[in-house]
């Protein structure tokens, strides 16, 4: 939705654009009807300069601007030919085969074709083709007023057709390239999501493998001592129950949202890191010239493995963006472990969004994906006071105390 102040501004810009277009029509009319001599060389400049007034309307409303331009172009061509021919007849001179109308028509043809190029670059292919055919038809109709004879008329027709095809092709090529760039950007973002999910799956593999290994060991212990040491068997079963519950909870929260992906990411297969390894991140960032301050709010307590891992990866990626892109000498990491949620916030005083290229944007995509898989909330953007902020809320299982 538009902000309350945006609607009046948009309306004002629309009115000014139409006023500029109408002003161009009036100025061209004055120039054409008040020029007694042929518009060649510098004398064509007064008719060319007012074309700048059409630019706001062309940019905002290219199709109405084209209709206005075609109308005034045809009318100006007819007026120019009629005015020059009438003046020459009044002086007893036989009007030549071509009058100053051909200069006006050529100028208007260039303006019209540039507008067609913009339409081809910003509108659908069908709309651009229809607009080009209509414009070419009007231009050919006007050529009959300033080109007498079959050869001059055919030459004008070829010139107008080639100019129209050239500008339309250039405009359509710009549109295709822009669409291709947008598709590549979307594809890169999708690949970043896939790569992040694959990395998460591999890290979960390590976590689950560790849990299953623990369960297998405790089950073996319980089986061996169940007859001779019932209390030890009971402890082993309790350990199995606790480990399996924790693992099952993590799997339900994350694996259900992961899709099957093809391998292609070089994610490490070592032990999954957690918040206890933040000191290593601080040291690495300091070696890179960025001072990281870690602030813990409330008492630190053990968290599920998937929560620890995702929190660590979010902080790691955010600090990496600060080091590579923000230009800030320091950043602050705040970790607030409440009863039901884990809140993470990374702030800096760097360049904000202006210093964030595509690679950092894909890093934000990965952080957002991790948070979504845990049914949390993620935000990132420039701060009003300057700099950048990354914030995430990760819900904690009820059983965690």
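The values are calculated or read from the model by the stated rules, or taken from the named source; none is laboratory data. Remember, predicted model here, so these are calculated numbers, not experimental data. A quick note on method: Cβ atoms are made from the backbone with ideal geometry, for glycine too, and the neighbour counts reach across all protein chains shown.
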Subject >> Members of the range 275-290 found to be without any contact (Cβ under 8 Å) to a residue 40 or more places away in the chain and either farther than 11 Å from residue 323 by Cβ or not in a helix (DSSP H, G or I) (or both), listed by number >> reply: 276, 277, 279, 280, 282, 283, 288
Original post:
Would you pick out the residues in the range 313-325 that are over 19 Å from residue 374 (Cα atoms) and buried (at least 23 other Cβ atoms within 10 Å of the Cβ)?
Top reply: 319, 321, 322
Original post:
Given the structure, is residue 51 under 23 Å from residue 160 (Cα atoms), within 34 Å of the chain's Cα centre (by Cα) and modelled with pLDDT under 75?
Top reply: yes
